[in-house]
Amino acid sequence: MDKFLRKIKECRKILHSPSKRRKFWKENKNNFEKNVVAIIDTLSFPKKWRIYVTAGNFLPKKKVTPYDYDSWNSTFLVAATKRQGFEIIIFLNKARSEFLSLPAIIPLIVHESGHIKQAARSPQKYFRSYFNDAIAQKDEAEAELELQKLPQEMIDEAALESILYCFDKGGWNMAQKMANYLHKEQPEAYSGGYTQGMTKKQYQLFSRSKKAKDINILIDEF
């Protein structure tokens with residue numbers, strides 16, 4: 001965990017420079033699969049279960065942004081019998097995650113690891129969540145508890161990088177949409193049950209930064 005926290009400090013030094021950020025996003029995308037494997041290798045999974053990880057983009061008519069509905073990640077129950085095997089697959093949506101640094105990807109994967117535990121503990125109940133909003137909401141809230149085991153710096157880094165990536169792609173308008181999603185929309189997204197990706201204080205900081213037209217205010221104080 002210490003090496004991941006040190007990596008955050010390295011990332012923060014880069015984020016101040018627009019030219020360095022452009023290189024940063026590109027390197028993160030190039031290293032995405034390697035970073036995911038590095039994170040997966042630190043996690044422990046339920047015995048007898050095979051865990052597969054895949055990543056990709058959907059092929060809609062429009063390009064998916066990190067705050068779009070179609071940017072979801074998910075954990076699917078594939079099979080749960082002796083004959084078919086005990087298999088679970090994590091799908092990571094590149095539109096939401098491939099631009100993130102290694103430590104910023106960790107909260108996304110840790111959340112999905114919570115779903116792995118649920119699926120392995122009770123495959124039948126986990127499958128029912130596909131058809132029952134109340135069960136799904138409880139499962140999401142439980143998976144979010146896994147994030148409490150992480151240093152807050154990692155969750156903050158994921159939010160900050162998401163906003164800055166959108167800022168670099170589409171200016172304040174796109175950054176505002178990302179901030180709105182993290183602070184206002186995320187808790188009620190899909191089935192609901194998620195925590196905020198940004199606190200009220202962090203959202204107000206973003207608003208102050210936007211009003212001053214100075215993204216460095218956000219970077220300095222986030």
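Values in this text are rule-based calculations from the coordinates and carry no lab data. This one's a predicted model, so the numbers in the text were calculated from it and none came from an experiment. Glycine gets a Cβ as well: all are built from the backbone with ideal geometry, and neighbour counts include every protein chain shown.
Measuring r between the beta carbons of Lys149 and Lys61 and using R0 = 35 Å, the FRET efficiency lands at 0.35. Straight Cα distances below 20 angstrom link Lys62 to the aspartates and glutamates Asp70, Glu98, Asp168, with same-chain residues fewer than 8 positions distant left out. Taking 21 Å as the limit for the C-alpha separation, the pairs Lys34/Lys169; Lys20/Lys169; Lys63/Lys200; Lys94/Lys169; Lys34/Lys82 exceed it in the case of Lys34/Lys169; Lys63/Lys200; Lys34/Lys82. In degrees between 0 and 90, to the nearest 10, how far off the longest principal axis of the chain does helix 2-15 point, with axes built from Cα atoms? Value to nearest ten degrees: 40. Between Ala95, Ala134, Ala159, the GNM of the chain built on Cα springs shorter than 10 angstrom shows Ala134 fluctuating the most. Converting the Cα gyration tensor eigenvalues of the chain into ellipsoid dimensions via √(5λ) gives semi-axes, longest first, of 31, 19, 16 Å. Within a straight-line Cα-Cα reach of under 16 Å, Lys201 can be paired with the following lysines, leaving aside sequence neighbours fewer than 8 residues apart in one chain: Lys184, Lys210, Lys211. Taking 0.36 nm per residue of separation and subtracting the Cα-Cα distance, full extension of the segment from Lys20 to Arg6 would add 3.2 nm. Here the calculated FRET efficiency for Asn30 and Ala79, from their Cβ-Cβ distance with R0 = 35 Å, stands at 0.55, rounded to the nearest 0.05. Remark: Tyr194, Tyr165 ranked as Tyr194, Tyr165, counting other beta-carbon atoms within 10 Å and listing the fewest first.
Counting only DSSP beta bridges whose two residues both lie in the chain, roughly 50 percent are antiparallel. Which residue, Leu102, Leu147, Leu205, tops the fluctuation ranking in a GNM of the chain built on C-alpha contacts under 10 Å? In this elastic network of the chain, the residue with the biggest mean-square fluctuation among Leu102, Leu147, Leu205 is Leu205.
Could you tell me which trypsin sites (Lys or Arg not before Pro) in segment 11-83 are loop residues by DSSP with no more than 12 other beta carbons within 10 angstrom of their beta carbon? Those that pass, being in a loop and sparsely packed, are Lys47, Lys48, Lys61, Lys62, Lys63, Lys82, Arg83. Pull out a ≥ b ≥ c, the square roots of the eigenvalues of the alpha-carbon gyration tensor of segment 164-215, then state rounded if a/c is under 1.5, prolate if not and a/b is larger than b/c, and oblate in the remaining case. Taking the square roots of the gyration eigenvalues as a ≥ b ≥ c, segment 164-215 is oblate.
Who wins for biggest fluctuation among Gly193, Gly114, Gly56 in a Gaussian network model of the chain, springs between alpha carbons below 10 Å? Comparing Gly193, Gly114, Gly56 in a Gaussian network model of the chain, the most mobile one is Gly56.
A Förster radius of 25 Å, combined with the Cβ-Cβ distance separating Phe131 from Lys184, puts the computed FRET efficiency at roughly 0.35.
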